[in-house]
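Chemist: First, the structure itself, so that you have it in front of you.
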2 protein chains.
Amino acid sequence: MAKKQIVILGGGFGGVYTARCLEKLLPPGDADISLVNRENYWVYQPMLPEVISGSIALTDVVAPIRRLCPRTNLIMREAEEIDLKNRVITVSPGFRPRQKKIPYDYLVIALGELTNFYGMPGMLENAMPFRTLADAIALRNHVIHVLEEADVEEDADLRRRLLTFVVGGGGFSGVEVTAELNDFVRAVKKNYLRLRNEQVRCVLVHSRGRILPEMADPLALFAQKILRKRGVEIILNDRLVAATSEKAILKSGLEIPSKTIISTVPATAPPILAKLDCAKDKTKLLVSTALELQGYEGQVWALGDCASIKTVSGKSVPPTAQHATREASTCAINIARAIRGGTPSGFAFEGLGTLASLGHGSAVAQIFGLKISGILAWFLWRTIYLAKIPGIKSKVRIGMDWLIHLLFPPDLAQTKVDAGSAIKKQHFEPGDIVFHQGDLGDSVYVIERGECQVLREADGATTQLATLQAGDYFGEMALLSDKSRNATIQARTALEVLLIPKADFDILRKSVPAFGEVFHSLARQRDEAGRNPSSAPD
Amino acid sequence: MAKKQIVILGGGFGGVYTARCLEKLLPPGDADISLVNRENYWVYQPMLPEVISGSIALTDVVAPIRRLCPRTNLIMREAEEIDLKNRVITVSPGFRPRQKKIPYDYLVIALGELTNFYGMPGMLENAMPFRTLADAIALRNHVIHVLEEADVEEDADLRRRLLTFVVGGGGFSGVEVTAELNDFVRAVKKNYLRLRNEQVRCVLVHSRGRILPEMADPLALFAQKILRKRGVEIILNDRLVAATSEKAILKSGLEIPSKTIISTVPATAPPILAKLDCAKDKTKLLVSTALELQGYEGQVWALGDCASIKTVSGKSVPPTAQHATREASTCAINIARAIRGGTPSGFAFEGLGTLASLGHGSAVAQIFGLKISGILAWFLWRTIYLAKIPGIKSKVRIGMDWLIHLLFPPDLAQTKVDAGSAIKKQHFEPGDIVFHQGDLGDSVYVIERGECQVLREADGATTQLATLQAGDYFGEMALLSDKSRNATIQARTALEVLLIPKADFDILRKSVPAFGEVFHSLARQRDEAGRNPSSAPD
């Protein structure tokens, strides 16, 4: 029997737990397991809001996937295309601009969800989502930034805007983010000499009559009471519909002047799944109770937040961590049976209960039919989640973080890494290759100093097509035609070039037509020259 | 007596310790203390290399300046101009693009040094400096990135390049960075399935005959022996002179194929000091033994790495943390005396010794005339530095970090926050202001959808100069003339604009003349129209 290739897309609860189960179920000789994920870590999602206040250090809320699944090949790239017919995954290029193809025998799709601001003007630019570690770090740094600016700002109106925080969505994530943010801002405010007597506004906006729709009435009302007591404004039966850099705009027409808008809704499956020709429930992949994709039974499974799942008893499965980890076991068992033979097992887990933290010392919990609120629920929250974290190191670190957070005031250091511009210079020494024929076109170049030659390889022979100098552009053809490079560029002298990445190039040529025309006319010239081969680049 | 305004520029050892001493020496009624720093935290510099391996968590190597100096006004902006004559500091704009002026009675300049790659082709783009927390985080993330890529890469040549790490400069910083990097890469390599049998190269390049010039011969030789035993290649009597994205180039002509080039040399004072008309020693500010700037005695002090200082016994003061903290005390005492009267005190500290960590379990130390090496020196290193960290919270956290690092393998999660492009979209609602007349010109705009009006305020009256629509540009005049906005732009309808920041705009108009010409001709038209006032924007 040939070694089977199992490919898992996504490194969240679904993907990582599937890999862990497979490592236990299948001996190394039976299958190679690969996992494709843009990050090399797995995030302990339920604790992510605690990164805002630093009650958990930002490095402690994640664990390296390589340690969690030591036998799995991690591929830290982005999945760009799923070819179900030919059983091949295409992933994004790395340092060298070439895509990589990964063939599979068995595929697991566990790509989660994204925040989708479609049809909500200004939200993409001005509202911050809260799903990933990067989101949490960005939010924490942003909140510290507005506090620092408020402390310096002399305009009272702008200062109020800087001290107003709006959170959209009153589900688990929205409630926990609001609670953490509110606690954090109020705790560190006293370190800002000029802000001690300023008002802070934290506003939670929810579309229904009460927050936490997944929980029982009394618990949700308890949560609302606690949050309000701690200074949170709760706006019910309304929702965020638009944003500018100065304010949040609600459906009712209400405008809230604010520099910080966080949105935890709405969600959609990743765009790569939209291209798949298979059964769906809205944007989610529709799977059987055995988690198999319809039409690809025994070959492709989908689970977690990107899949629409029903249990064997017919109930819809909610997108939570406790469900995703159980789906992962079912999926791994079914893959093992697909390899060795056996009937697929159906997903039957009905959930143990729900928990929501309300910040320092309070929570609500609904477990085994019991409803618990206050400090006991908070203690339960911490105990359960700490017990569930895989690995002793993470348990020790998070335990220590919590202890230190109880004893000392929260940290308020901003750990922002300056982004800088995407348009940047590059230096090449004589003989260096700028790009190779056949590479993906990911940028255009402008020569600032030096010379380079355009080389074309065909039938094993290399022809020099042209020499380019300061002021010349190259690399536009592959970008304009969306094809790969049709020539190799090699530096003849020391070469200084300006590199404009594809994304910026595309935006600029659309909005500044004269800019685009420079490259279009060049591409036309070169294309003609290329047909009667004497000169022609890229 | 009017309350005195003391302004400190820089939040390193020099600046923060000066503020701390001043808080002790001067009662709140005597003086306001302000500190200008781009970050809101102070970095415990000697431990920065440990961030690479995660032996200290990246948030634990910093402390919030507001906690260290609770009575000091922190201004989290960048100092852009020092006007010694009029005693005013200009700082960079915040959310609103207007500069801020800060007048002072007494000024402390403690701006440190920067890495300067002038005259070294390709170094700016391809070599990573190692001075700030951002540098350390960027390096850690980059190292993890090359390991991840090496694990996926099939080209053996590129894989070798990805696994080669070059460090320039064999002083304290270079040696400690090399040691940490080497330890880290070799420790985590075993988690990469395809890299277990690959060779890792760590190369340290130093310009003299032996590393650690500040230490005695036997200690430096011990350090070289330990590093070599652990797999570090040491290249002596040579130095980095250029770099490309594929290799490091040394003075001898030797080329080292590598994707990771770190340079800890050479250093220069920040550019803002170059503009100052005062006595200097190369780029550093020349001060008296009382740390006073020549010609501004009793008014301006300079200390730390940006100052050239001699002790009262005539010795040059090295740029180390132990000296900077003592300079801070002398400076604070002298400011107190300038306010209350008294003779300035001279700087007399001669240094207690030197320490260099060589990574896990080894160090070299030269203290009170004793030369110590190996595990005893390493223990001494940790004890001394832990004792010197201000604040119990930091001591506890770093102590815990070290303990956990001894018990568990190093963390290898990459915590990169995607930068994205600087060219971005913005959304405005009807009536919103895009920018105000008088604001600094920090970007140009292209209208993608909607309409806006150009308003000019003069003598209390507002005139509408023009209406702009999709495809129109605005904001170019202030950028091309380097002046502030000469009009206000207000959205008439919902408005979608593309914002091109000044830095990108300047690069693009220089390298793509047709792009620049679009805006130049527009500015000329509008300038003419502005003279016979009927239409004219920006």
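Chemist: Of all residues being of a type in the set (Lys, Arg) and without any contact (Cβ under 8 Å) to a residue 24 or more places away in the chain in segment B:223-246, which is farthest from B:ASN116 (Cα to Cα)? Just the residue, please.
Modeler: If we filter segment B:223-246 for residues that are of a type in the set (Lys, Arg), which is where we start, we get B:225, B:228-230, B:239.
Now restrict to residues that are without any contact (Cβ under 8 Å) to a residue 24 or more places away in the chain: B:225, B:228-229.
Details: B:LYS225: 30, B:ARG228: 29, B:LYS229: 32 Å.
Within segment B:223-246, the match that is farthest from B:ASN116 (Cα to Cα) is B:LYS229.
Chemist: If a residue has to be part of a strand (DSSP E or B) and among the aromatic types (Phe, Trp, Tyr) to count, how many in segment A:273-323 make the cut?
Modeler: Final tally of qualifying residues: 1.
Chemist: Also, quick follow-up: Under 7 Å by Cβ, and 6 or more places apart or on different chains, what pairs join a residue from segment B:507-523 that is closer than 15 Å to A:VAL497 by Cα with one that is aromatic (Phe, Trp, Tyr) and buried (at least 19 other Cβ atoms within 10 Å of the Cβ)?
Modeler: B:LEU508/B:PHE515; B:ARG509/B:PHE515; B:ARG509/B:PHE519; B:VAL512/A:PHE515
Chemist: So, one more: Mind listing whichever residues of segment B:345-367 are buried (at least 21 other Cβ atoms within 10 Å of the Cβ) and either under 24 Å from B:SER288 (Cα atoms) or small (Gly, Ala, Ser) (or both)?
Modeler: B:PHE347, B:ALA356, B:SER357, B:GLY359, B:SER362, B:ALA363, B:ALA365
Chemist: A further question follows. Looking at B:LEU480, B:LEU465, can you tell me which residue is part of a strand (DSSP E or B), more than 14 Å from chain A (Cβ to nearest Cβ), aliphatic (A, V, I, L, M) and crowded, with 18+ Cβ neighbours inside 10 Å?
Modeler: B:LEU465
Chemist: How many of the residues in segment A:428-444 are charged (D, E, K, R) and more than 10 Å from every other protein chain (Cβ to nearest Cβ)?
Modeler: Result for segment A:428-444: 2.
Chemist: Here is a follow-up. Quick one: B:CYS69 ticks every box in (1) more than 7 Å from chain A (Cβ to nearest Cβ); (2) surrounded by fewer than 22 Cβ atoms within 10 Å (Cβ to Cβ) except a single one, so which number is it?
Modeler: (2)
Chemist: Residue by residue through segment B:162-196, note down the ones that are farther than 16 Å from B:LEU412 by Cα and among the β-branched types (Val, Ile, Thr).
Modeler: B:THR164, B:VAL166, B:VAL167, B:VAL175, B:VAL177, B:THR178
Chemist: Let me ask something additional. Would you pick out the residues in segment B:147-194 that are under 21 Å from B:LEU219 (Cβ atoms) and touching a Lys or Arg at 6+ places or on another chain (Cβ under 7 Å)?
Modeler: Across segment B:147-194, the qualifying residue is only B:ASN182.
Chemist: Also, quick follow-up: Could you please let me know if A:ILE249 is within 14 Å of A:SER357 (Cα to Cα) and among the β-branched types (Val, Ile, Thr)?
Modeler: For A:ILE249, the condition - within 14 Å of A:SER357 (Cα to Cα) and among the β-branched types (Val, Ile, Thr) - is not met.
Chemist: Which residues, counting only those in segment B:195-213, are of a type in the set (A, V, I, L, M, F, W, C), away from chain A (no Cβ under 14 Å) and in contact with a Lys or Arg (Cβ under 7 Å, 6 or more places away or on another chain)?
Modeler: B:VAL200, B:VAL205
Chemist: Residues being more than 13 Å from chain B (Cβ to nearest Cβ) and modelled with pLDDT under 95: count how many of those fall in segment A:226-264.
Modeler: 1
Chemist: When you check A:LYS393 against the structure, is it surrounded by fewer than 17 Cβ atoms within 10 Å (Cβ to Cβ) and within 12 Å of another protein chain (Cβ to nearest Cβ), yes or no?
Modeler: Considered against the rule, which asks whether it is surrounded by fewer than 17 Cβ atoms within 10 Å (Cβ to Cβ) and within 12 Å of another protein chain (Cβ to nearest Cβ), A:LYS393 comes out as no.
Chemist: Another question about this same structure. Exactly one condition in (1) surrounded by fewer than 16 Cβ atoms within 10 Å (Cβ to Cβ); (2) under 30 Å from the mean Cα position of the chain (by Cα); (3) small (Gly, Ala, Ser) is false for A:GLY341; which is it?
Modeler: Unmet for A:GLY341, out of (1) surrounded by fewer than 16 Cβ atoms within 10 Å (Cβ to Cβ); (2) under 30 Å from the mean Cα position of the chain (by Cα); (3) small (Gly, Ala, Ser): (2).
Chemist: Turning to a different aspect of this structure: In segment A:483-522, what residues are buried (at least 20 other Cβ atoms within 10 Å of the Cβ) and either away from every other protein chain (no Cβ under 11 Å) or assigned to a loop (DSSP other than H, G, I, E, B) (or both)?
Modeler: Residues satisfying the conditions are A:ARG485, A:ASN486, A:ALA487, A:THR488, A:ILE489, A:GLN490, A:VAL512.
Chemist: Taking the conditions exactly as written (more than 25 Å from the chain's Cα centre (by Cα) and β-branched (Val, Ile, Thr)), does B:VAL146 satisfy them or not?
Modeler: Details: more than 25 Å from the chain's Cα centre (by Cα): no; β-branched (Val, Ile, Thr): yes.
It is false that B:VAL146 is more than 25 Å from the chain's Cα centre (by Cα) and β-branched (Val, Ile, Thr).
Chemist: How many residues does segment A:185-213 contain that are under 24 Å from the mean Cα position of the chain (by Cα) and either at pLDDT below 95 or not in a loop (DSSP other than H, G, I, E, B) (or both)?
Modeler: Total meeting the criteria: 2.
Condition check ((1) crowded, with 22+ Cβ neighbours inside 10 Å; (2) within 13 Å of another protein chain (Cβ to nearest Cβ); (3) touching a Cys at 6+ places or on another chain (Cβ under 7 Å)) across all residues:
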| position | (1), (2), (3) |
| --- | --- |
| B:ILE6 | yes, no, no |
| B:GLU23 | no, yes, yes |
| B:GLN45 | no, no, no |
| B:ALA57 | yes, yes, no |
| B:ASP60 | yes, yes, no |
| B:GLU81 | no, no, no |
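Matching residues to (1) of a type outside the set (A, V, I, L, M, F, W, C); (2) buried (at least 23 other Cβ atoms within 10 Å of the Cβ):
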| site | (1), (2) |
| --- | --- |
| A:LYS225 | yes, no |
| A:ASN237 | yes, no |
| A:ILE249 | no, no |
| A:LEU254 | no, no |
| A:ILE262 | no, yes |
| A:VAL265 | no, no |
| A:ASP277 | yes, no |
| A:LEU286 | no, no |
| A:GLY295 | yes, no |
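Chemist: Right, B:PRO409: more than 30 Å from B:ARG67 (Cα to Cα) and within 14 Å of chain A (Cβ to nearest Cβ) or not?
Modeler: yes
Chemist: Quick check, is B:ASP472 closer than 30 Å to A:ASN37 by Cα, modelled with pLDDT of 90 or more and more than 7 Å from chain A (Cβ to nearest Cβ)? Spell out the reasoning first.
Modeler: Values: closer than 30 Å to A:ASN37 by Cα: no; modelled with pLDDT of 90 or more: yes; more than 7 Å from chain A (Cβ to nearest Cβ): yes.
Judged against the criteria, B:ASP472 is not a match.
Chemist: Here's something else I'd like to know. I'd like to check something: does segment A:450-462 contain any residue that is assigned to a helix (DSSP H, G or I) and in contact (Cβ under 8 Å) with a residue 12 or more places away in the chain? Give the steps one after another, and end with the answer.
Modeler: The initial filter retains those residues of segment A:450-462 that are assigned to a helix (DSSP H, G or I), namely none.
There is no residue in segment A:450-462 that is assigned to a helix (DSSP H, G or I) and in contact (Cβ under 8 Å) with a residue 12 or more places away in the chain.
Chemist: Keeping to segment A:346-372, report how many residues are on the phi > 0 side of the Ramachandran plot and either in contact (Cβ under 8 Å) with a residue 40 or more places away in the chain or assigned to a loop (DSSP other than H, G, I, E, B) (or both). Let's see the steps before the verdict.
Modeler: Here is the first cut: in segment A:346-372, the ones on the phi > 0 side of the Ramachandran plot are A:351, A:353, A:359, A:361, A:368-369.
Narrowing further to those that are either in contact (Cβ under 8 Å) with a residue 40 or more places away in the chain or assigned to a loop (DSSP other than H, G, I, E, B) (or both): A:351, A:359, A:361, A:368-369.
Matching residues across segment A:346-372 total 5.
Chemist: I've got another one for you. Taking the residues in segment A:91-142 that are polar (S, T, N, Q), touching a Ser or Thr at 6+ places or on another chain (Cβ under 8 Å) and surrounded by fewer than 20 Cβ atoms within 10 Å (Cβ to Cβ) as candidates, determine which candidate is farthest from the other protein chains (Cβ to nearest Cβ).
Modeler: The qualifying residue farthest from the other protein chains (Cβ to nearest Cβ) is A:ASN116.
Chemist: In the list A:THR325, A:THR320, A:THR268, A:THR311, which residue meets the criterion of being farther than 29 Å from A:ARG382 by Cα and away from chain B (no Cβ under 14 Å)?
Modeler: Being farther than 29 Å from A:ARG382 by Cα and away from chain B (no Cβ under 14 Å) holds for just one of A:THR325, A:THR320, A:THR268, A:THR311, which is A:THR268.
Chemist: Still on this structure, I have one more. Looking at B:ILE375, B:ILE335 in this structure, which one is away from every other protein chain (no Cβ under 14 Å), of a type outside the set (Asp, Glu) and in contact with a Phe, Trp or Tyr (Cβ under 7 Å, 6 or more places away or on another chain)?
Modeler: B:ILE335
Chemist: Just to be sure I understand, how many residues within segment B:251-266 are hydroxyl-bearing (Ser, Thr, Tyr), under 21 Å from B:SER173 (Cβ atoms) and not in a strand (DSSP E or B)?
Modeler: Number satisfying all stated conditions: 2.
Chemist: Every residue in segment A:308-341 that is over 28 Å from A:PRO27 (Cβ atoms) and not β-branched (Val, Ile, Thr), please.
Modeler: A:SER308, A:LYS310, A:SER313, A:GLY314, A:LYS315, A:SER316, A:PRO318, A:PRO319, A:ALA321, A:GLN322, A:HIS323
The values are calculated or read from the model by the stated rules, or taken from the named source; none is laboratory data. Just so it is clear, the model here is predicted, and its values are computed rather than measured. Positions of Cβ are generated from backbone atoms using ideal geometry, with glycine treated the same way; all protein chains shown enter the neighbour counts.
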